[in-house]
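The values are calculated or read from the model by the stated rules, or taken from the named source; none is laboratory data. Keep in mind that this is a model prediction, so the values were computed, not measured. All Cβ positions, glycine included, derive from the backbone under ideal geometry; neighbour counts span all protein chains shown. Surface areas here come from the heavy atoms of the whole protein model, side chains and all, with no ligands, DNA or RNA. Shrake-Rupley method; radii C 1.70, N 1.55, O 1.52, S 1.80 Å.
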Amino acid sequence: MSHNQLFSLQGKIALITGGASGLGFAIAKCYNKCGAKVIITGTRSLEELKKACKEIGENVFCYQIDVSDTDNTKKFVETVEKEHGSIDILVNNAGVHCKKPFETITMQELDKVISVHLKGSFSLTQAIIPSMKKKKNGSIIFISSMSAYLGLTQVSAYSSVKSAILGLTKALAGELSQFNIRVNCITPGFIDTPMFHKAVDSDIERQKKIIEHTPLRKYGKPEDIGWAAVFLASNEASFINAISLPVDGGCIIGF
């Protein structure tokens, strides 16, 4: 039996933020292969978003939004639900990076990271929960990071919000389980994406350290996160709730 039969998302509507590139794009492709109607968001131009939709496959739609613009979140969700139906799966993936020594990070830079990763996903989840409660069904997936577990240098702003995401996952799962809404989190290791390369390409020593601390001795592929997200959203994971799933090649136990 093929994966799209075992872990079918047929008939499901999935919203993936930051879905035009990197991890979000990979998750969208995997969801599409498993039958979901996929909606991606991003801050890129509408032409770039439409191009990403075509690359992902059929039954894929896009909206140009900035998740940190929380004043318009409710209106955006109302538009999506009016045009496509209520959301069954929400993947809070949109993010920005900030690699700088701790004492050089400005409050504006910290606010930007918090606004996208935490406030943006918090607000979007708030707006989508009512329809999930009405159906008494839903899957919410947050994307955290190994930086929430490991003492990585020069990413204190990023690791702070990714740690907050772990707490939010548990709190929401406890609050929403009575409505059959599952809330889980994926903590990617070092995945071969444009954001990752932006952070490490100029730091050969950091690259060496990453590989040495990853038992599988390689970077992950974006699809590794995509298939993990398929599993967590599928009916086969119906009893999995409030977890943080490391997809990291064993990095979390590396030495």
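Overview of values
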quantity: Pair SER202, ILE253: separation of 7 Å Cα→Cβ label points (nm); calculated: 3.7
quantity: Spatial separation of Cα centroids for region 170-212 and region 20-75, in angstrom; calculated: 19
quantity: Sorted largest first, extent of region 73-124 alpha carbons per principal axis (Å); calculated: 46, 18, 13
quantity: Rounded accessible area per residue of the chain, 1.4 Å, Å²; calculated: 49
quantity: The chain: most fluctuating residue of ILE211, ILE56, ILE140 per GNM, C-alpha cutoff 10 Å; calculated: ILE211
quantity: Gaussian network model of the chain, Cα within-10 Å springs - most flexible of ASN241, ASN137, ASN59; calculated: ASN59
quantity: Relative contact order (%) - criterion: Cα under 8 Å, at least six apart; region: the chain; calculated: 21
quantity: Column: log10 I(q)/I(0), Debye, Cα scatterers of region 49-182, q = 0.09, 0.13, 0.22 Å⁻¹; calculated: -0.31, -0.63, -1.32
quantity: Mean shadow area of the chain, taken as a quarter of the surface of its Cα convex hull (nm²); calculated: 13.7
quantity: With every protein chain in place, the chain: carbon and sulfur % of accessible area (1.4 Å); calculated: 54
quantity: Gain upon complete extension [LEU110, LEU216; 0.36 nm per residue less C-alpha separation]; calculated: 34.9 nm
quantity: Shape of region 101-152, Cα gyration tensor, a/c cut at 1.5; calculated: oblate
quantity: Length gained when the stretch HIS84-PHE179 is fully extended (0.36 nm per residue, less Cα-Cα span); calculated: 32.0 nm
quantity: From the C-alpha gyration tensor of region 1-121, square roots of 5λ in Å; calculated: 28, 17, 13
quantity: Region 103-255: translational diffusion in µm²/s, Stokes-Einstein, Kirkwood Rh over Cα pairs, 37 °C, 0.692 mPa s; calculated: 198
